[in-house]
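Notes follow once the structure below has been shown.
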Amino acid sequence: MKDTKCVSTRSEGCTIADNFATRSDGVVSAKRRCDWGIKMCHSSRRSTLSSSACLAAMLGLITLASAQTPKKESVWDKIKKAGQQGAAQGQQPQPGQQPAQRQDGRGRPSPQNQSQNQANDSGAFKPPAGTKIEEKILAPLQDRAKFEVSPHGVHVATTETDGSRAVVYYDGVEGPKFDEILPAVGGNVAFSPDGNRYAYCARSGVQYVLIVDGKELVRGSESQGGRCGGQNSNLSFTSNSKHVYFFADLHVETPADRTYTRFVFDGKPEIPGGPIAGIAFSPDGDHYAYIWNDVNQQKSWMLIIDGKPAPYQGGAPQWTSDSKHLYTQKSTPPNGTELLFDGRPIAKAFNFTVYIPPVGDMVVVAVTGGTNFHPFSFLVVNGKKVPGSDTVERGAISKVVFSPDGKHYAAIIGDLNNHLCVMVDGKRGQEYTSIDKLTFTTDSSTVVYTAYVNSKVFVIVGDQEFGQPLGAPQPIISPVGNRVGAFIATDGTPHLLMDKQITALTAHGGSDLSFTPDGAHYAYFAVDGLGGRLVIDGAPQPQSSLSGDRIDMQNVSTLKYIFSADSKHVAHFAVPITPTGDYQRGVFLDGKYVQISADGTNTDLTFSPDSKHLFWIHLYGDRPLRVFIDGKPLVDFFAAGNSVGMVAGWWDFGQDGTLSFLAQDENSLKRITLTLSDQTNLATMLGGGGVVAARQ
């Protein structure tokens with residue numbers, strides 16, 4: 001019990017400590033110390049102890065209380081600890097093996113094991129309370145109809161017929177009718193990079209018609225057979241999604257039988273001529289340049305910039321990174337080339353190769369001098385020759401790469417005898433027979449590449465070599481910082497190279513090495529017999545057992561596990577870590593195996609953009625597919641085109657957190673949009689506790 005006399009005369013320091021003490025049970029003792037300290041203050045007043053000394057004592061007690069507050073463990077701390085404890089106790093089961101189930105006092109499976117064995121099957125279900133399901137008809141379902149999907153947003157353009165006429169439905173809205181919807185490169189319909197715009201070419205009689213965002217942009221009758229260019233039209237949008245362009249073929253019989261090509265930008269046809277060469281778009285997507293040739297060979301070739309002939313001749317156009325200037329080249333007899341900057345000659349040599357980074361103002365030029373029979377090369381950076389970059393006769397500078405910040409460069413320099421080296425910012429590295437995978441770390445601080453010499457392959461990180469016998473190591477670069485990892489076979493046994501340190505692996509090695517989006521953690525699968533186990537920051541996960549389910553049906557090279565965007569969660573499709581005698585399927589999530597289904601397979605495992613939910617599709621043979629969120633079934637559907645996941649962009653998470661995907665029934669193609677319930681999340685999938693529930 002507190003001393004009421006003491007409490008009635010608190011100092012300011014004790015009030016702070018008292019407030020802090022009431023926040024959690026872990027600091028209750030500190031509250032008592034504060035009361036004790038107050039008594040000391042009162043007693044010391046009787047013995048003339050100074051008030052400043054009392055305050056200092058109080059502040060010391062506050063510091064002690066704060067220091068004793070237990071630190072919250074992160075998801076990764078718990079995952080790593082689980083792996084380390086399993087290894088220390090010898091309780092890491094191999095894939096296909098598992099310790100006996102926990103039992104209660106009567107020999108029955110414990111509630112924990114019972115919950116894990118309760119699988120969601122193909123029976124009836126109710127979505128979690130608060131789930132909103134909306135369907136939108138996108139097009140009637142016709143035999144041999146062709147649908148195309150935008151890269152984002154699940155916008156769908158379907159080429160079908162209305163009676164005898166061809167028509168395009170876009171997101172359920174029927175477009176104008178034509179005699180024919182004309183094919184282009186990659187399909188009938190072009191989508192903008194942001195997924196919000198679309199365009200296609202059609203034929204009406206002998207006229208071609210360009211439809212952009214559902215409206216007619218341009219119509220012409222001079223095109224060959226009423227075509228926008230046929231299979232070679234290259235109908236497309238610029239990188240900023242603001243402009244649309246294509247190449248039109250024209251056929252003229254008089255006065256001479258000729259086929260012309262003209263560039264059409266935002267519906268404006270340009271000068272017809274011969275085949276268009278060397279078209280270059282500016283990085284911002286607002287400018288373009290190409291070479292025009294006279295098909296009748298009566299006029300000299302021209303450089304066209306933004307639809308107008310330039311006042312100078314120049315080929316091989318290249319825009320600067322700020323989209324404001326243009327490098328071109330022009331041949332000068334007898335064996336020379338001029339390098340031009342906005343039409344102004346700045347250098348002359350046998351040949352030039354210009355390298356421009358995506359950002360920054362650095363320009364690196366590989367200059368080839370001499371003649372056809374005796375060439376040599378050297379580097380010029382921002383107009384200045386790089387000392388020591390000269391090659392011997394017939395040597396070459398074969399590649400130049402830039403750091404992500406555009407402030408550093410690395411070039412491969414060699415000769416005819418396969419003596420190669422990497423020059424970084426003017427400094428030559430060691431010599432090798434071959435060099436590959438040249439790049440920089442994400443923070444731009446370190447060059448990374450692989451090399452071969454003297455019957456060994458090396459991973460080079462900065463100026464350090466890590467070698468192995470013959471093979472093809474693949475350096476993995478962290479998305480943030482300067483971390484580099486790779487699997488190498490030192491002395492014939494598998495090892496992991498991580499942060500310039502080498503660690504021995506199991507006899508079968510590892511696969512699927514990657515980093516979290518923030519670069520703070522790494523993971524890979526330890527290959528073990530016929531299975532695999534996830535290893536996180538060097539700690540094998542006891543409840544991880546890789547299944548054969550594919551995360552991405554479109555890309556076989558996709559990693560077999562995923563990280564959330566906030567770098568706080570990891571998941572992969574799994575099988576029980578004990579033999580069950582059936583075809584159980586599950587998910588490994590944040591260190592824990594969660595059983596999810598009794599049969600079938602799974603695909604498209606994905607965290608939501610806000611990292612709060614886990615999504616996947618479950619396949620039950622010839623039955624409908626089922627969408628799962630956080631282990632809860634939400635909706636059944638039949639995949640559009642009967643090929644789940646094989647259509648690029650067929651499902652997408654929106655910025656508002658809604659999930660949209662394509663489906664079909666016996667009558668129509670449709671888009672289903674799900675607004676997720678706030679009653680489910682990763683914590684509820686793990687039973688409301690575990691590592692996720694403890695995350696701060």
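Values quoted throughout were computed directly from the atomic coordinates according to the rules given, and no laboratory measurement underlies them. Computed from a predicted model, the values in this text were never measured in an experiment. So basically every Cβ, Gly included, is an ideal-geometry build from the backbone, and we count neighbours across all protein chains shown.
Quick look at the numbers
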{"read-out": "From phi via Karplus (6.51, -1.76, 1.60), per-residue ³J(HN,Hα) for segment 320-332 in Hz, x at Gly/Pro", "value": "6, 5, 8, 6, 9, 9, 9, 8, 9, 9, 9, 6, 10"}
{"read-out": "Peptide ranges 407-417, 334-344 listed from the most packed, as the mean C-beta count within 10 angstrom indicates", "value": "407-417, 334-344"}
{"read-out": "Debye equation applied to the C-alpha atoms of segment 273-347, log10 I(q)/I(0) at 0.13, 0.17, 0.27 Å⁻¹", "value": "-0.38, -0.63, -1.30"}
{"read-out": "Other-chain or far-sequence residues with amide H under 5 Å of Ile629's (modelled H)", "value": "Leu634"}
{"read-out": "Dmax and Rg, reported as Rg then Dmax, of segment 273-313 (C-alpha, Å)", "value": "10.8, 35"}
{"read-out": "Fraction of the pair-distance distribution of segment 161-207 above 12 Å, Cα-Cα pairs, percent", "value": "64"}
{"read-out": "Residue-wise HN-Hα coupling along segment 618-635, computed from phi with Karplus coefficients 6.51, -1.76, 1.60 (Hz; x: Gly, Pro)", "value": "10, 9, 10, x, 8, 8, x, 6, 10, 8, 10, 10, 6, x, 10, x, 10, 7"}
{"read-out": "Descending semi-axes in whole angstrom, ellipsoid equivalent of segment 492-612, from the Cα gyration tensor", "value": "23, 19, 13"}
{"read-out": "Percentage, to the nearest whole number, of Cα pairs in segment 361-488 over 18 Å apart", "value": "54"}
{"read-out": "Burial ranking of peptide ranges 359-368, 139-148, 153-162 (average Cβ count within 10 Å, highest at the top)", "value": "153-162, 359-368, 139-148"}
{"read-out": "Estimated FRET transfer efficiency (Gln430, Ser164; beta-carbon r; R0 60 Å; 0.05)", "value": "0.30"}
{"read-out": "Label point 7 Å beyond Cα of Thr493 along Cβ direction - residues of segment 505-532 with amide nitrogen under 19 Å", "value": "505-511, 526-529"}
{"read-out": "Segments 670-679, 560-569 sorted - mean Cβ within 10 Å per residue, highest first", "value": "560-569, 670-679"}
{"read-out": "Estimated vicinal HN-Hα couplings, Hz - segment 450-457 in sequence order (Karplus 6.51, -1.76, 1.60; Gly, Pro = x)", "value": "10, 8, 10, 6, 6, 6, 9, 10"}
{"read-out": "Environment charge at Lys177 (Cβ cut-off 14 Å; Lys +1, Arg +1, Asp -1, Glu -1)", "value": "-4"}
{"read-out": "Surface/4 estimate of mean projected area, convex hull on alpha-carbon atoms of segment 578-644, nm²", "value": "5.3"}
